[in-house]
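A.B. asks: Structure below; questions to follow.
What follows is calculated from the coordinates using simple rules that are stated; it is not laboratory data. Computed from a predicted structure; not experimentally measured. Every residue, glycine among them, receives a Cβ derived from its backbone with ideal geometry; neighbour counts consider all protein chains shown.
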Amino acid sequence: MVGISENKGPQLNLPNMDTDLIRQKFKTWVTENWKPNGDLITWRTKLAMAGWACPSWPKNWYGKGLQGSADRMVNDELYKAGSAGVASGVSMYLVAPTLLDWATDEQKQRFLLPILTGEHKWCQLFSEPEAGSDLAGLKTRAERDGDEWVINGQKVWNSGAHKADYGILLARTDQDATKHHGISYFVIPMKQQGIETRPLRQMNHHASFNEVFLTDARVHKDNLIGDVSEGWRVALSTLAHERSGVATRRPRFQDNSGQIVETARAEADEYFSTYRWYPQRAGRANLIVPEIQRTNQHTNPLLRCEASAVETLRQVAVWTTNRARDGRASGKPPGAEGSVAKLNMSVTARACHRAHTKIIGANGMLVGADSPREGLIAEVLLSTPAQSIAGGTDEIQKNILAEKILGLPKEPV
């Protein structure tokens, strides 16, 4: 069964059409179909069924088979029209691309549309207390019981798990196989007995992540993605998308645009509130020059060198991200630029940490209303170490580049 029922009639070969003509076709469609007051899910469903939700997706799965640049065009035109696009979050930039690559048609039929509309929220259940960087060393077990798999184990660093309807789960299904070949990839319903979610309190006082305990939790056999004990290949797709630097950005909305937009804005505010400390994790490079000026140290040559170094790293990061984005837009799969970008983010965060420390000195430890930027600099200094860990440690990214790109031998086991 295909995913689109309204995208009927003569099919134009849109990938070969002129970009301006594609844009005009979409603007005409929005003009004819957009009504500002109504139901958000109904509007997103209309977008999806017409193939305009994510036009880079395949034609029979809510898209038009266009290049990735068409997705940005759609978002731009929706903003100009005062409208709203598809849902944001991990479900869109990690789950959906993985399902498009690996899921059966029946699984796509069940899961893709509710992802686009925002009806279903998702989380990622990969890392474990003893299997973070060495993810393939995970110990969570899945044992077959009739038409279901019974899951037992623990996961950690799970954003949004307490709100999720589904999780993408890695579990060991063959205890005797080598560790990369004994893992399976599941879609697990989160709202069931046997799944307990607990928040994790961070040293910067936020609680963005969870630990998840699975005790005889159950997954139907139809929720297995890919083959049994071959889930590591599927997981690599998810990890590549995670490193690619093309994660969902906060959507833009025009003010006073009606009921649908206000609902979408509230949804985005709730989702992105989890990540409100992420700019601090990245180092807040944009505050370095203003802080030098505020503290009247703009003539200090050492601080000027620190600021220049950070700006150089920031510009390199922009180029790398643009290269990754353009590659995805042209249909290329995520590549080495994801690991390069991830490493550069860590290096930039450390450079920012060093610069802020030299600018503020011991006052960087202060919090409260009378501290530097009301404690924001202290939060930066407490948050930047996480950048070298989240989304795959620096060491893992270096191994990927060494082995996959430079062709160096693997480390001895």
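A.B. asks: List Tyr271, Tyr62, Tyr93 from most exposed to least, where exposure is judged by having the fewest other Cβ atoms within 10 Å. Don't skip to the end; give the middle numbers.
C.D. replies: Working: Tyr271 22, Tyr62 29, Tyr93 16.
The order, fewest Cβ neighbours first, is Tyr93, Tyr271, Tyr62.
A.B. asks: Pulled fully out, how much extra length does the chain show between Arg201 and Glu403, if you take 0.36 nm times their separation in residues and subtract their Cα-Cα distance?
C.D. replies: Numbers: separation 202, 0.36 × 202 = 72.72 nm, distance 3.55 nm.
Extending this stretch completely gives an extra 69.2 nm.
A.B. asks: Continuing with this model, one more query. Once both labels are modelled 7 Å past Cα along the beta-carbon direction, what's the Thr215-Lys179 spacing in nm?
C.D. replies: 2.7
A.B. asks: To continue, here is another question. What does the charge add up to near Phe209, with Lys and Arg as +1, Asp and Glu as -1, over the other residues with Cβ less than 14 Å from its Cβ?
C.D. replies: Values: positive: Lys155, Lys163, Arg198, Arg201, Arg276, Arg281; negative: Glu128, Glu211.
Net charge in that neighbourhood comes out at +4.
A.B. asks: Binning at 10 Å from 0, report for the chain what percent of all alpha-carbon pair distances ends up in each bin.
C.D. replies: 4, 19, 28, 27, 16, 5, 1, 0
A.B. asks: Reachable aspartates and glutamates from Lys221, Cα under 17 Å, same-chain residues fewer than 8 places away excluded?
C.D. replies: Candidates past the 8-residue exclusion: Asp105, Glu106, Glu143, Asp145, Asp147, Glu148, Asp174, Glu230.
A.B. asks: In terms of modelled amide H atoms, which long-range or inter-chain residues lie less than 5 Å from the amide H of Arg218?
C.D. replies: The answer is Ile151.
A.B. asks: Something else now. Tabulate in residue order the Karplus-calculated ³J(HN,Hα) for region 287-293, using 6.51 cos²θ - 1.76 cosθ + 1.60 with θ = phi - 60°, rounded to whole Hz; enter x for Gly and Pro.
C.D. replies: Working through the residues one at a time gives 9, 5, 5, x, 6, 4, 5 Hz.
A.B. asks: Under a GNM of the chain (C-alpha, springs under 10 Å), which listed residue has the highest mean-square fluctuation: Leu303, Leu214, Leu381?
C.D. replies: Ranking Leu303, Leu214, Leu381 by mean-square fluctuation puts Leu303 first.
A.B. asks: Could you go through region 319-332 in sequence order and give the Karplus-derived ³J(HN,Hα) for each residue, using 6.51 cos²θ - 1.76 cosθ + 1.60 with θ = phi - 60°, rounded to whole Hz, and x for Gly and Pro?
C.D. replies: Calculated HN-Hα couplings, in order: 5, 5, 4, 5, 5, 5, 4, 5, x, 5, 5, 8, x, 7 Hz.
A.B. asks: Through the Karplus equation 6.51 cos²θ - 1.76 cosθ + 1.60, θ set to phi - 60°, convert the phi angles of region 92-108 into ³J(HN,Hα) values in whole Hz; use x for Gly and Pro.
C.D. replies: 7, 9, 10, 5, 4, x, 5, 5, 4, 7, 10, 6, 6, 4, 5, 5, 4
A.B. asks: Let me ask you something else. So which of Lys59/Lys332; Lys155/Lys191; Lys121/Lys179 end up more than 24 Å apart, counting from Cα to Cα? Please list the in-between numbers first.
C.D. replies: Working: Lys59/Lys332 18 Å; Lys155/Lys191 16 Å; Lys121/Lys179 30 Å.
From Lys59/Lys332; Lys155/Lys191; Lys121/Lys179, over 24 Å: Lys121/Lys179.
A.B. asks: Less than 24 Å apart at the alpha-carbon level, and either on another chain or at least 8 residues along: which lysines does that give for Lys80?
C.D. replies: Result set, ordered by chain and number: Lys25, Lys27, Lys35, Lys46, Lys64.
A.B. asks: Could I ask something else about it? Choose one answer from Asn223, Asn152, Asn286: the residue with the largest mean-square fluctuation in a GNM of the chain with alpha-carbon springs under 10 Å.
C.D. replies: Among Asn223, Asn152, Asn286, the largest GNM mean-square fluctuation belongs to Asn286.
A.B. asks: Right, another one. Fewest first, what order do Lys139, Lys410, Lys155 take by the number of other Cβ atoms within 10 Å? Walk me through the numbers before you get to the answer.
C.D. replies: Details: Lys139 14, Lys410 8, Lys155 27.
The order, fewest Cβ neighbours first, is Lys410, Lys139, Lys155.
A.B. asks: Under a plain spin-label model, where a point goes 7 Å from the Cα along Cα-to-Cβ, how far apart in nm are Lys191 and Thr42?
C.D. replies: 2.2
A.B. asks: Here is a further query. What does the net charge come to around Thr104 if you take all other residues with beta carbon closer than 10 Å to its beta carbon, with K and R at +1 and D and E at -1?
C.D. replies: On the way: positive: Lys108, Arg110; negative: Asp105, Glu106, Asp222.
Counting the neighbours of Thr104, the net charge comes to -1.
A.B. asks: While we're here: How high is the FRET efficiency from Glu395 to Arg304, r the C-beta distance, R0 25 Å, rounded to 0.05?
C.D. replies: So the FRET efficiency works out to roughly 0.20.
A.B. asks: Now for a different question. If amide hydrogens are placed 1.01 Å from N in the peptide plane, which non-local residues have theirs closer than 5 Å to the one on Leu200?
C.D. replies: Those lying under 5 Å, H to H, from Leu200 are Phe209, Asn210, Glu211.
A.B. asks: Still on this structure, please answer the following. 7 Å from Cα along Cα→Cβ at both Asp227 and Lys25: what's the point-to-point distance in nm?
C.D. replies: 3.8
A.B. asks: Among Ala131, Gly160, Gly368, whose Cα lies farthest out toward the positive end of the dipole of the chain, if unit charges sit on the beta carbon of Lys, Arg (+1) and Asp, Glu (-1)?
C.D. replies: Gly368
A.B. asks: Could you pull out which residues in region 84-120 have an amide N less than 20 Å from a spot 7 Å beyond the Cα of Lys35, following the Cα-Cβ vector?
C.D. replies: 84-86, 117
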